[in-house]
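Novice: First the structure, then my questions, so here it is.
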Number of protein chains: 2
Amino acid sequence: MDTRTGLPVVGMVGGGQLARMTHQAAIALGQSLRVLAQSPDDGAALVAADVQIGEHTDLDALREFAKSCDVVTFDHEHVPSAHIRALAAEGFAVHPGADALQFAQDKLLMRTRLTELGFPAPRWRTVEGLDDLVQFGDEVGWPVIAKATRGGYDGRGVFPLSDADEAAALVATGTPLIVEERVRLVRELAVLVARSPFGQVAAYPVVETVQRDGICVEVLAPAPDLSEELAVAAQELAIGVAKQLGVVGLLAVELFQTADGLLVNELAMRPHNSGHWTIEGARTSQFEQHLRAVLDYPLGETSLAAPAVVMANLLGGEPGGMSIDERLHHLFAEDPGIKVHLYGKQVRPGRKIGHVTALGSDMSSVRARAVRAAKWLQEGQW
Amino acid sequence: MDTRTGLPVVGMVGGGQLARMTHQAAIALGQSLRVLAQSPDDGAALVAADVQIGEHTDLDALREFAKSCDVVTFDHEHVPSAHIRALAAEGFAVHPGADALQFAQDKLLMRTRLTELGFPAPRWRTVEGLDDLVQFGDEVGWPVIAKATRGGYDGRGVFPLSDADEAAALVATGTPLIVEERVRLVRELAVLVARSPFGQVAAYPVVETVQRDGICVEVLAPAPDLSEELAVAAQELAIGVAKQLGVVGLLAVELFQTADGLLVNELAMRPHNSGHWTIEGARTSQFEQHLRAVLDYPLGETSLAAPAVVMANLLGGEPGGMSIDERLHHLFAEDPGIKVHLYGKQVRPGRKIGHVTALGSDMSSVRARAVRAAKWLQEGQW
C-alpha cells in the first residue's frame, strides 16, 4: 500500500506501451503504476514516477520490485515461469499466476490444454521432427502454418509452409514448433474478458481484427454484422477459457471466424492491442479493467461508448519528411475528433509506435477516418 | 523538444490535480508533462516522471523550469505577474501570458476590463473604504457580496455582508475588496473555451454548476433545459472574453443565469473543475484541449460523448471508518459504470480529493448515480 494515499500499488513487469497506458488508468484510480523497465527510455518509463530499471529475466530484480507492490502483473509474456512461481512461493501476489500464464507463453501447452478442454481449434499437431510436418501437410493439405511454440508476436514466429522443402528448411533451424492447418477464414475476431481472483468475469463486445503481414492493423468494435448468436458464443468461449485456465486479469482470445463457426487462434493474458479501442470506446478501458481485476476490485462496465469504434495501429514508416509533431498538427486540423495515442518510441519500420481511434455512428465512415489518420501519421501523405 | 520522442515538452507550474490529469492527457499525445511542484507528495508529483520541486513564487526556480520546456503553463493562478513577464521577456513561451492571466488573478482588474468591454456583470464597485461598501449596500440593497480582489477560490475570499456593521468588520481586516450586488439567480452556468496562439477557438457545451458553501459540488452537462438561444449566447460571451483578453489555453467563464439573462461571475485560465466531466463526457478532454491550445495544435472536437454527463466532487470527509480503498470496492460493486478520479491527496475535511463522473441517457438518473457515489466515497454511507 502507498502510505501517502492509502491505495494499493500495482507493479507491472515491462515498460512498453501497455504499461504506459496502464499508468494513465492507474492515475485515475488514485494510484501510480510501479514499472520494471529495461531502459529509462521505455515508453512507460518516460511517463511514470515509480520506475525500477531491471531485467524481467532476473529473479533478484523481480523480487526487489515485488517487495514494494501489492500485486505484480505483466506488460508482456516473457517472464520465465520459474521466476513467477518463485515469487508466488515467497508470498507475493502475482496475477496472472504461472499456471495460467504458461498457456499464453507456450503454444504447445495452450493447444494441448484447450483441446483437452474441448475448445474449438484449427487441426494441429506437435512437431517432433520433419516427418510430423510433412505428414500433417499431406493430410490436411498444403500450405500449413508452423508456429514457434514460444516467443512469437506480431507475425514473428509464424511460418507459412508451402511444401516439404520449406518444412525441411524450417525444421533445420531447430526452433520448437507446432503446426496448424491453414484455416479458410471468414475473418478474424477477438474477445477480451477480465477475471478477478474472486471469480467475477466481464466480457467486452466482440471485435473484428484486421491483420496485414501478421500484424494487427485495425480493430472494428463491435465486429460488423456479427450475429447475436456468434457474438454470445465468442464471449462464452472466452469466459470459459478464462475460468478453465484460472486467468486473473485480462484475457484476449483471438478467434478465426469460419463458415462452420469459431476457432481459437491465440491467447494473451494482459491488456491487448485488440482492446486499445476501449480507452475512448468503452465505459471502462481495458487498462482500468486489468487493474481492477488484478486488485480484485469489482469489474467495470464494458459497454460501447459509441455505436462504431475503430482503432488503427501506427507502424513506424520510413523516417524523413515531416516530423511526427508536424504530422500531428495537420491531422488535428483535418479531423478534430480523431484520438491519438503515441507510445514515446523511436520510429523503426514496422514497429508499433502508437494508435489512433475514431468513434461515431457509422462504421464505414469511422473506419475510413481511422485508416486515413493512421496512413497520414505513418507515411506523411493522405 | 524531447529529443527521445521528437515531441514538445509542456511544463505546468503547480503540482495539483489539474497537473495530474493534464499528465494523463499528455501521455496520449506522446508527451510527458513536466511539473514544477512544491512537494514530492503533490498529486501530480506522485505520478509524473519529470518533476522539479520548487516554489512558483521563486523566479530562479521558474527560469530553471522553463529552460527545459517548449511552453510553460499553469495549474493555478498564483504565479506573480512580474515573474511571468520576466520569463516572457527572456524569450520563454508562457501561456496564458501575464496580460491575460492578470484578469484571472485580480477581480478588480477583471471587473474593470470586462465592464469596459461591455460584458454583462452584476452591479459592482471598487472598495476604497467603508463608505464605498455602505453606500453600495444602501443603493442596491443588502445583503451584498464583498470579494477579496486576489487569492480567493472555492468560496474563500467571498464575504456576504448583511449590513454596515459586518461591512465595517471586514474592512477592518485590510483585505483589498470589490463589492457586488447579490444577484437573484436562476442557477449558475459555466462555459469552457480553448483558444490557441493562432486564434482558433473551441467552446464546450454549456454546463450547470451546483455550489454548496461556495464550493462546486456537481456539474451537469449539458445544462438541463437551457434554451438554444441562451446556450449560444453563453458560448459567444465566453469566446468574446477569450479573444478580447488574449487568452491562450483554456478559459472557464462562470456565469449567473438570471431572469434577465447572463452575468459573468468569475474567470479561470486553466483546466477547471467545471470541465472535469469532459474526461469521459466529451470527445476531447479539457486537459488534452489545454495542451493542444498552448502548443498551438488545432483544437479537438468538444461534442458530448453521451446525452447526459454529471461530475460530482469528492470532498474530504471526516476520517475514520472504512478506508477509501474499501469504499472503492463497494462503489464499484454498486455501480460498475461510475468513473472515479482520485487525486492522491491526503484527506482533509472540505478538501477536493477527487471526483466521480456518471454518463447515460437520462439526466436525473445520471445525476442520482453521481451524487450517490460521491456521498458514499465521502461519508462511507449510502
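Novice: So what is the calculated 222 nm ellipticity per residue for chain A, using -39500 (n - 2.57) for each DSSP H run with n of 4 or more, over all residues, to the nearest 500 deg cm²/dmol?
Specialist: On the way: 12 runs with 127 residues, N = 382.
Helix-only estimate at 222 nm: -10000 deg cm²/dmol.
Novice: Could you calculate the FRET efficiency of residue B:130 with residue A:215 from 1/(1 + (r/R0)^6), where r is the beta carbon distance between them and R0 is 60 Å, rounded to 0.05?
Specialist: Details: r = 75 Å, r/R0 = 1.25.
After rounding, the FRET efficiency stands at 0.20.
Novice: Right, something else. Could you calculate, for segment B:148-241, the ratio of the Cα radius of gyration to the Kirkwood radius, expressed as Rg to Rh? Walk me through the intermediate numbers first.
Specialist: Working: Rg = 16.9 Å, Rh = 15.9 Å.
Value, to two decimals: 1.06.
Novice: Right, here's the next one. Using only the Cα atoms of segment B:1-83, build the gyration tensor, take square roots of its eigenvalues as a ≥ b ≥ c, and label the shape rounded, prolate or oblate: rounded if a/c is under 1.5, else prolate if a/b is larger than b/c, else oblate. All intermediate terms of the calculation are to be shown ahead of the outcome.
Specialist: Working: a/c = 1.83, a/b = 1.29, b/c = 1.42.
Since a/c reaches 1.5 but b/c is at least a/b, the shape of segment B:1-83 is classed as oblate.
Novice: Run the numbers on segment A:187-379 and let me know its relative contact order in percent, using alpha-carbon pairs under 8 Å that are six or more apart.
Specialist: Working: 418 pairs, mean separation 40.8, N = 193.
Reported as a whole number, the value is 21 percent.
Novice: Can you list the residues of segment B:111-137 with backbone N under 17 Å from a point 7 Å past the Cα of residue B:182, pointing along Cα to Cβ?
Specialist: B:122-125, B:133-137
Novice: Rg to Rh for segment A:123-181: what is it, with Cα atoms only and Rh by Kirkwood? It would help to have the intermediate numbers written out before the result.
Specialist: Numbers: Rg = 10.1 Å, Rh = 11.0 Å.
Value, to two decimals: 0.92.
Novice: Still on this structure, please answer the following. Would you mind working out the magnitude of the charge dipole of the protein assembly as shown relative to its Cα centre, with +1 at each Lys and Arg C-beta and -1 at each Asp and Glu C-beta, to the nearest 20 Debye?
Specialist: For this selection, approximately 180 debye.
Novice: Choose one of B:239, B:190, B:219: the residue whose Cα lies farthest towards the positive end of the charge dipole of segment B:159-267 (beta-carbon charges +1 Lys, Arg; -1 Asp, Glu; about the Cα centre).
Specialist: B:239
Novice: Restricting things to alpha carbons, tell me how big chain A is in terms of Rg and Dmax, in Å.
Specialist: Calculated on Cα positions, Rg and Dmax stand at 20.7, 64 Å.
Novice: Got a sec? Charge dipole of the protein assembly as shown, +1 on Cβ for Lys and Arg, -1 for Asp and Glu; which of B:78, A:134, B:137 is way out at the positive end?
Specialist: B:78
Novice: Would you report the distance distribution of C-alpha pairs in segment B:49-202 as whole percents per 10 angstrom bin, up to the bin with the largest distance?
Specialist: The calculated distribution, bin by bin, is 9, 31, 29, 20, 10, 1.
Novice: Among DSSP beta bridges whose residues both lie in the protein assembly as shown, state the antiparallel percentage, nearest 5. Don't skip to the end; give the middle numbers.
Specialist: On the way: 118 of 144 bridges.
Bridges in the protein assembly as shown that DSSP calls antiparallel: roughly 80 percent.
Novice: Which entries of A:67/A:243; A:339/B:147; A:339/B:339 show an alpha-carbon separation above 31 angstrom in the structure shown? Walk me through the intermediate numbers first.
Specialist: Working: A:67/A:243 28 Å; A:339/B:147 41 Å; A:339/B:339 20 Å.
Those over the limit are A:339/B:147.
Novice: Restricting to segment A:1-137, compute how many DSSP beta bridges are antiparallel as a %, nearest 5.
Specialist: Numbers: 1 of 13 bridges.
If I count the DSSP bridges inside segment A:1-137, around 10 percent turn out antiparallel.
Novice: Which value, in square angstrom to the nearest 100, describes the accessible area buried between chains B and A on both sides, using a 1.4 angstrom probe?
Specialist: 4000
Novice: Do you know the relative contact order of chain B, to the nearest whole percent, from alpha carbon pairs under 8 angstrom that are 6+ apart?
Specialist: Numbers: 830 pairs, mean separation 50.1, N = 382.
Once divided by the residue count of chain B, the mean separation gives 13 percent.
Novice: How large is the charge dipole for chain B, taken about the Cα centre, if only the Cβ atoms of Lys, Arg (+1) and Asp, Glu (-1) carry charge, to the nearest 20 debye? Walk me through the numbers on the way to the answer.
Specialist: Values: 33 positive and 48 negative charges, 141 e Å.
It works out to roughly 680 debye.
Novice: Given Cβ point charges of +1 (Lys, Arg) and -1 (Asp, Glu) and nothing else, what value in debye, to the nearest 20, does the dipole of segment B:187-379 about its Cα centre take?
Specialist: Values: 17 positive and 22 negative charges, 112 e Å.
Dipole of segment B:187-379, to the nearest 20 debye: 540 debye.
Novice: Something else: What nm distances, shortest first, do you get from the label point of residue A:158 to those in the other copies when the point sits 7 angstrom along Cα to Cβ?
Specialist: Spacings between copies for this position, smallest first, are 5.9 nm.
Novice: What is the spin-label model distance, in nm, from residue A:38 to residue A:99 if the labels are put 7 Å beyond Cα along the C-beta direction?
Specialist: According to this spin-label approximation, the distance is 3.1 nm.
Novice: Straight-line reach only, C-alpha to C-alpha below 17 angstrom: list the lysines that residue B:345 could link to, leaving out same-chain residues fewer than 8 apart.
Specialist: Correct list for residue B:345: empty, as no lysines qualify.
Novice: As an exercise, find the ratio Rg/Rh for the protein assembly as shown from alpha-carbon atoms, using the Kirkwood inverse-distance average for Rh. Let's see the in-between values first.
Specialist: Working: Rg = 28.0 Å, Rh = 27.6 Å.
Ratio of gyration radius to Kirkwood radius: 1.02.
Novice: What are the nm distances, shortest first, from residue B:78 to its equivalents in the other copies, labels at 7 Å along Cα→Cβ?
Specialist: Copy-to-copy label distances for residue B:78: 4.5 nm.
Novice: Sticking with the crude label model, points 7 Å out along Cα→Cβ, report the distance from residue B:81 to residue B:381 in nm, one decimal please.
Specialist: For residue B:81 paired with residue B:381, the spin-label model returns 5.0 nm.
Novice: Another question, if that's okay. Chain A: which residue's Cβ hugs the A-to-B rotation axis most tightly, distance rounded to whole Å?
Specialist: A:24, 2
The values are calculated or read from the model by the stated rules, or taken from the named source; none is laboratory data. For clarity, every value in this text was computed on a predicted model and none was experimentally measured. When we count neighbours, we look across all protein chains shown, and the Cβ atoms used for this are built from the backbone with ideal geometry, even at glycine. Areas reflect the complete protein model, heavy atoms only, side chains present, ligands, DNA and RNA absent. Shrake-Rupley method; radii C 1.70, N 1.55, O 1.52, S 1.80 Å.
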